[in-house]
Amino acid sequence: MTPQHSHYIQFEHIYKTFDRPVLVDINFHVDAGETLAIIGRSGVGKSVSLGHIMGFLKPDSGRIHVAYTDMTEEREAEWRRIRKKVTMVFQSGALFDSLTVAENILFSLELREDYNESNKEDVVTGLLQMVDLLDYRDVYPADLSTGHKRAVAIARALAAQPECILYDEPTTMVDPIMSDHVGNLMLRLKTQLRLTSVVVTHDLDLMRKVADRVVFLFEGHAIYFGPVSELENCPHPHIQEFLAMDRV
């Protein structure tokens, strides 16, 4: 398909109100192969932004492009096509408790049209090796740590061979060692597979490790959009306070 739009994902003047304004005139973009971090305090619209990228939510006004396509007014059938390209790793992991780690990944594999029944074990093994969980293939989710559940969820997302992965707070409630592991995994997927990604996070260490650009949300507004390397120089007092609290 010839790209209809220059950016892989773009928000153009997006507004969304629930009981109060959550997104107010939001503008940002993500190019193919790039990682964008969306940061800010709780309740500022970070996860709401992901919901719009997946088509779970519709903007009150403005335009959204996903996978080079203007999706603002598209129906669910077109969103289902886009979701084969753009997948999401939920904060909970959203694994099937009754399936082993390998069976969870296999479930996602079988949704692929090019899926080859004969090599399913090889594909599952390869994905588990990629996320360093080969020893856990027969374990059930209830026996996994939060961090390992996130890694399994990433492997399951990769089974669908997406172009883009959205991560919702991938290092929340994870110990520092596992947090570092998840961050390294995300960086590896970006460099080896050249996946486009958007990560919602409070974790500035993760942001600095994996992101090229960052959107900083505050009271519904994007008060910064630009390179991660220049965030420190942004004069906005809330950003400086946020960075100072992180250093403490």
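Among 213-221, 236-244, the peptide with the highest mean count of other Cβ atoms within 10 Å heads the list, and the full ranking is 213-221, 236-244. Between Val89 and Leu166, Tyr167, Asp168, the built amide H atoms are under 5 Å apart, and every one of these is 5 or more places off in sequence or on another chain. Extending 7 Å from Cα along the Cβ direction at Asp175 and again at Arg247 yields two label points whose distance is 3.0 nm.
Nearest 5 is fine: what % of DSSP beta bridges in the chain come out antiparallel, could you say?
55 percent
Centroid-to-centroid, using Cα positions, segment 4-50 and segment 198-248 are 14 Å apart. Seen against the Cα atoms of the chain and their longest principal axis, helix 237-247 is set at about 40 degrees. Using θ = phi - 60° in the Karplus curve 6.51 cos²θ - 1.76 cosθ + 1.60, the 3J(HN,Hα) couplings for segment 145-151 round to 6, 4, x, 5, 4, 4, 5 Hz; x is entered for Gly and Pro. For Ala37, the residues 5 or more places off, or on other chains, whose built amide H falls under 5 Å of its own are Val199, Asp212, Arg213, Val214, Val215.
In this simple spin-label model, placing a label point 7 Å from the Cα along the Cα-to-Cβ direction at both Glu117 and Lys209 gives a separation of 4.1 nm. When the C-alpha to C-alpha distance is required to be over 21 Å, the pairs from Lys85/Lys190; Lys58/Lys84; Lys46/Lys209; Lys120/Lys209; Lys84/Lys120; Lys120/Lys190 that qualify are Lys120/Lys209; Lys120/Lys190.
Please compute, over every Cα-Cα pair in segment 13-151, the percentage with a separation greater than 19 angstrom. Roughly 62 percent, once rounded to a whole number. Over segment 69-212, the fraction of Cα-Cα pairs per 10 Å bin, rounded to whole percents and listed from the shortest bin up, is 11, 42, 35, 12, 1. Figure legend: label point modelled 7 angstrom from the Cα of Ser98 along Cα→Cβ; no residues of segment 135-165 have amide N under 11 Å from it. As an equivalent ellipsoid, segment 132-248 spans semi-axes of 29, 16, 12 angstrom, where each value is the square root of five times an eigenvalue of the C-alpha gyration tensor, largest first. Divided by 2.2 N^0.38 Å, where N counts the residues, the Cα radius of gyration of segment 165-224 comes to 1.15. Checking every one of the GluC sites (Glu not before Pro) in segment 1-100 against DSSP loop status and a limit of 13 other Cβ atoms within 10 Å picks out Glu73.
Are there any trypsin sites (Lys or Arg not before Pro) in segment 156-209 that are in a DSSP loop and have at most 14 other Cβ atoms within 10 Å? List them by number.
Here the sparse-neighbourhood loop sites are Arg194.
Volume per residue of the convex hull around the Cα atoms, evaluated for the chain, comes out as 136 Å³.
Here, each number is a calculation from the coordinates, and none is a lab measurement. Since we're looking at a predicted model, the values are computed, not measured. Positions of Cβ are generated from backbone atoms using ideal geometry, with glycine treated the same way; all protein chains shown enter the neighbour counts.
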